[in-house]
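Some notes on the structure that comes next.
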Amino acid sequence: MSFAWAKNYEPKNAFTQWMDEKLPLPRLVYNAVGAGYPVPRNLNYMWNFGVLAGFFLMFQIVTGIVLAMHYAANTEVAFSQIEHIMRNVNYGWMFKNAHANGASFFFIVIYLHIFRGFYFSSYKAPREMIWLLGVVIFLLMMATAFMGYVLPWGQMSFWGAKVITGLFGAIPFVGDTLQTWLVGGFAPNNATLNRFFSLHFLLPFVIAGVVILHIWALHIPGSSNPTGIEVKQESDTVPFHPYYTAKDGWFLGLFLIFFAFVVFFAPYALGHPDNWIEASPLSTPAHIVPEWYFYPFYAILRAFTGDLTIPFTDIILIEAKLLGVIAMFAAILVWFFLPWLDKSPVRSGNYRPLFKKFFWFGLIPCMAALFYLGGATPEEPFIMMSQIATAYYFMHFLVILPIISQIEVPKPLPYSITESVLGKDDGAATKDVPPAAAPAGAMPEPAE
Amino acid sequence: MASTAAGTGTEDGVRRRDWIHIAALSSAGVGAASVVLPLVTQMDPSADVLAASTTDVDISSLEPGQSIKEVFREQPLFVKRMAAAEIAEVNAVDIGDLRDKQTLEERLGAGNADILVQLGVCTHLGCVPLGAAEGEEKGEYDGYFCPCHGSHYDAAGRIRKGPAPTNLVVPEFSFQSESVIRVG
């Protein structure tokens, strides 16, 4: 694994030596996140979000296990159990708010992680598998978050469950049967709540399993970096520990201040007041939307208002309902094809002038619009705007990216990561920069 | 700047970078420790459980020799008005012969002639001893008998024979009036 100059684990005492022979777990940790994993020296703060995502997965599992100790998945009591947790359980208010907002922050982190991937083309060879596994994790996260939101059994829980399971009802021929099977009834009921609780408990551990594969796949080529050029030599890397453990720890602390602020001072800012009304199968809330992290995909779902017909006839090929569902799933599934849609040999957006323009002035405003429109009321002008944004979204991945990668003239790449950091690289035979030209203090001397 | 300033230099083995290590690790340590408290105490009895921690028992209809079974903190509670014969019998026992040395007076409390309040929980492993209700087996000492592992208690709830280590537990209680006691 990894590079030839990676430090080798050496057990320091008799116990670690014995352990290393029987179960080399310390060796695994050393090579995964310790001094045995050489990492490019030029990673910027966007590379912190992987560790943050791992932290929030663990955080959600720990707070979730605590909440499961006090919750009851029964429609008779589920809603009042949340109040019980909020009022009676010691620090229950804290765990409930930390878990609910933890989901939001997990998604904030994961979106930034994904968009880091978009901009720096982290999905390109040799890292396709890391990307594919990442998309799988994202899909699993969406399923987990959705089912978690059903558990408080408020109005948004119930109607969210009804609408999302209704998506499966759009599938031709088997839809109705499938939907009835998914909820275990004709509308979300006690059986639905029970199975969602069971799956909401299970899926995080499945995610943790795929995360291990994700990290395993990462450690084969090693981490990417902001220049997009591969590691050539030892001077291009620093050991993960202490350099990136320290940087990740520092950034995690910073991010947790932001998180704690929301948990303790604005715990309901990201939620919907309607979910404090107990679920009622007989009345739908006036304005029903999912949690904010599903907005872009919800906007795409709602953008399809007309059936697909054979032109000049009334023959319907695909109903609007099904079109919306297909588009919503396709919006994520298209990410699976990114490694083959973007053919440019240059990875980093920093060296791709045309790509960079379409990223900052195309994809980002498009996603921002979809985020806004998913939460807006389904009326004009928002429907038309959703349609335009949806069209651009698919255009970006399916048309613009492949064309850019054909016509773009990339900027010259630095010889090596070392050169991009220090302005010179003693290993580069073609370069001849006097040592004095190196910016003093650009890279502090390692202390140990 | 010399490398000393960056922290590699040592002066009496002290490096300038030690400070940031200690500060960072101790902040993280305090943070982790403060997370442990909620994680542990969330498993303690919740406020609704604690709110149900006292039980009032009406003893006005208790005849001498009769018991009431109540529930106190989710466990059985035996409230008994002792008969004169039982009081005489338990007072006749030599305290020195007892495993858990307690007089009846100590178990009843000051100003209480005959109302015996105790948890119906065997001090061995927590089964409910027989003997509080009419017709139940009272054991070899005319008190209580635990069917699980054969502990025998006398009429004052004192352990006389079998594996239980101590007498039946007498919870804190007080007389609210002649006819009502408050346990807990």
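Derivation of every value follows stated rules applied to the coordinates shown; laboratory data play no part. Predicted, not measured: the structure shown is a model, and the values here were computed from it. Note that we place each Cβ from the backbone using ideal geometry, even for glycine, and neighbour counts take in every protein chain shown.
Values as computed for the structure displayed
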quantity: Distance between segment A:168-221 and segment B:163-184 - C-alpha centres, whole angstrom; calculated: 53
quantity: Positive-end extreme of charge dipole, the protein assembly as shown - chosen from A:Met129, B:Gly96, B:Phe78 (charges on Cβ); calculated: A:Met129
quantity: For segment B:12-59 versus segment A:323-395, the gap between their alpha-carbon centres in whole angstrom; calculated: 45
quantity: Relative contact order (%) - criterion: Cα under 8 Å, at least six apart; region: segment A:246-392; calculated: 28
quantity: GNM result for chain A, Cα springs below 10 Å: residue of A:His241, A:His287, A:His200 fluctuating most strongly; calculated: A:His287
quantity: For the protein assembly as shown, with +1 on Lys and Arg beta carbons and -1 on Asp and Glu, the positive-most of A:Gln233, A:Ala303, A:Gln81 along the dipole; calculated: A:Gln233
quantity: Cysteines without a disulfide-compatible partner [the protein assembly as shown; Cβ-Cβ under 4.7 Å]; calculated: A:Cys366
quantity: Whole-Å distance, taken between Cα centres, linking segment A:301-321 and segment A:231-284; calculated: 41
quantity: Modelled FRET efficiency - R0 51 Å, A:Leu213 with A:Ala320, Cβ distances, 0.05 increments; calculated: 0.85
quantity: Residues of type lysines that B:Lys69 reaches as a straight line, Cα spacing below 20 Å, ignoring anything fewer than 8 places off in the same chain; calculated: B:Lys80, B:Lys138
quantity: Summed side-chain charge close to A:Ala286 - residues other than A:Ala286 whose Cβ falls under 14 Å, Lys, Arg +1, Asp, Glu -1; calculated: -2
quantity: Loop sites in segment A:59-151: GluC sites (Glu not before Pro), DSSP, at most 14 other Cβ within 10 Å; calculated: A:Glu76
quantity: Chymotrypsin sites (Phe, Trp or Tyr not before Pro) restricted to DSSP loop in segment A:116-204 with at most 11 other C-beta within 10 Å; calculated: A:Phe173, A:Phe186
quantity: Net charge over other residues, Cβ less than 14 angstrom from the Cβ of B:Phe175 (K, R count +1; D, E count -1); calculated: -3
quantity: Anchor A:Lys343: aspartates and glutamates whose Cα lies under 16 Å away (excluding residues fewer than 8 positions away in-chain); calculated: A:Glu128, A:Glu408
quantity: Sequence-separation-based contact order of chain A, relative, with Cα cut under 8 Å and 6+ spacing, percent; calculated: 20
quantity: Charge tally in the Cβ shell below 15 Å around A:Pro221, where Lys, Arg are +1 and Asp, Glu are -1, A:Pro221 excluded; calculated: +1
quantity: Sorted by Cβ density within 10 Å, fewest first, the residues A:Leu252, A:Leu213; calculated: A:Leu213, A:Leu252
quantity: Helical segments meeting 18 Å axial Cα length and Kyte-Doolittle -0.5 threshold in chain A (DSSP H); calculated: A:49-68, A:92-119, A:128-150, A:155-169, A:190-219, A:245-265, A:320-336, A:382-395
quantity: Mean residue ellipticity (222 nm) of chain A, computed from DSSP H runs ≥ 4 via -39,500 (n - 2.57), nearest 500; calculated: -18000 deg cm²/dmol
quantity: 22 Å Cα-Cα reach of A:Lys232 towards lysines, excluding residues that sit fewer than 8 places from it in its own chain; calculated: A:Lys7, A:Lys124, A:Lys411, A:Lys424, A:Lys431
quantity: Check: segment A:1-117 dipole with +1 on Lys, Arg Cβ and -1 on Asp, Glu Cβ, in debye; calculated: 340
quantity: Filtered chymotrypsin sites (Phe, Trp or Tyr not before Pro), segment A:298-336: DSSP coil and at most 12 other beta carbons within 10 Å; calculated: A:Phe312
quantity: Cα-based helix-to-principal-axis angle, B:17-41 vs chain B, degrees rounded to 10; calculated: 20
quantity: Residue among B:Ala32, B:Ala110, B:Thr55 farthest towards the positive dipole end of segment B:1-150, charges placed on Cβ; calculated: B:Ala32
quantity: Rounded, prolate or oblate (a/c below 1.5 giving rounded, otherwise prolate when a/b exceeds b/c) for segment A:1-149 by Cα gyration tensor; calculated: oblate
quantity: Tensor-based shape of the protein assembly as shown (alpha-carbon gyration tensor, a/c under 1.5 rounded, otherwise prolate or oblate); calculated: oblate
quantity: Kirkwood hydrodynamic radius of segment A:193-297, Cα pairs, Å; calculated: 19.0
